[in-house]
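See structure below.
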Amino acid sequence: MNGIALLFKFMTRLPIGFEPKFDSDSLGKSMKFFPIVGMVMGLILLAFFWALSYVIYSPMVMVVTLVIIEVILTGGLHLDGLADTFDGIFSYRSKQKMLDIMKDSRLGTNGGLVLILYFILKVALIYELDMIAGIPSGIVLLLTPAIARLNSVINCASAPYARATGMGKTFVDNTDGFGVVVATILTLIFSGIVCYVFFIPLTILIIIPVVMLLGFIFAKLMTRKIGGVTGDTLGAVVELSEVLVLFLLYIGAMLLV
């Protein structure tokens, strides 16, 4: 329980009501429960959707508002990792230079560009899923955070840590195949319940193994580029996976229309 509390403390800005005792091993071993963080975030976003639906009637305004709330819930932690990763990888330098660039707190051109494209694509996909498939934005954002965080667990288990030290190292060192199995089962159960409750075809769950496969490929790509994963790439894969889930949902919706 202390490990899960630490996970919420470090991965979100949610108040947990008490100060958990810091223990790196406990925090690292809790990585298999990372999808639970996404589940809680999804439920909070759904609650905001229901509450705001009484005052916000524009689907586009609702989508933008929910995306902003999601950023607030994480404090932009994973977005920072996304920007740093793209700054480093697309510098086309040596492995060490890429790692140095990723560690630099300054935002580069590639990082700024990917954030702009990320938000444009994310908002557009959520809006279109509402308009075309009739899946309200609150329901979409109930599903995506948990599935996206599953890929972070896969990355921890599939690649070494690229640096000698770092906060992400404790997650990589303490996550293995069993952790991936636990995270996958939790994600499948939650996603299945959401589909059942909101009358969404269970066939959409086929996107989960597709997302997992691409997450594994991302881990191997990072290993080839920089010698493994880092805290930044673990954050990047969360954000990239969210957009990937939305994109696959959109393709599925278009095929059914």
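The values are calculated or read from the model by the stated rules, or taken from the named source; none is laboratory data. Not measured: the values here are computed from a predicted model. Methodologically, a virtual Cβ is constructed for each residue, glycine included, from the backbone with ideal geometry; neighbour enumeration extends over all protein chains shown. Only protein heavy atoms, including side chains, enter the accessible area calculation; ligands, DNA and RNA are left aside. Shrake-Rupley method; radii C 1.70, N 1.55, O 1.52, S 1.80 Å.
Data table
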| quantity | calculated |
| --- | --- |
| Residue check, K21 basic (K, R) and surrounded by 15 or more Cβ atoms within 10 Å (Cβ to Cβ) | no |
| Subset of segment 193-208 (residues that are outside any helix (DSSP H, G or I) and among the β-branched types (V, I, T)) | I200 |
| Hits in segment 110-129 (condition: in contact (Cβ under 8 Å) with a residue 12 or more places away in the chain and farther than 21 Å from L221 by Cβ) | G112, F119, K122, V123, L125, I126, Y127, E128, L129 |
| Number of positions in segment 89-135 that are within 24 Å of F247 (Cβ to Cβ), part of a helix (DSSP H, G or I) and of a type outside the set (A, V, I, L, M, F, W, C) | 8 |
| Checking V114 against (1) within 30 Å of I193 (Cα to Cα); (2) at pLDDT 95 or above, the condition it does not meet | (1) |
| Search result, residues across segment 16-62 that are part of a loop (DSSP other than H, G, I, E, B), within 14 Å of M1 (Cβ to Cβ) and not aromatic (F, W, Y) | I16, G17, E19, P20, K21, D23 |
| Positions within segment 74-113 being among the hydrophobic types (A, V, I, L, M, F, W, C) and either closer than 26 Å to T165 by Cβ or surrounded by 21 or more Cβ atoms within 10 Å (Cβ to Cβ) (or both), in sequence order | L77, L79, L82, A83, F86, I89, F90, M98, L99, I101, M102, L107 |
| When residues of segment 161-176 are limited to those that are of a type in the set (G, A, S) and open to solvent by less than 50 Å² (accessible area, probe 1.4 Å), the one modelled with the lowest pLDDT | G166 |
| Conditions (1) out of contact with any Leu (no Cβ under 9 Å at 6 or more places or on another chain); (2) at pLDDT below 95; (3) farther than 28 Å from K9 by Cα; number of the one not met by I204 | (1) |
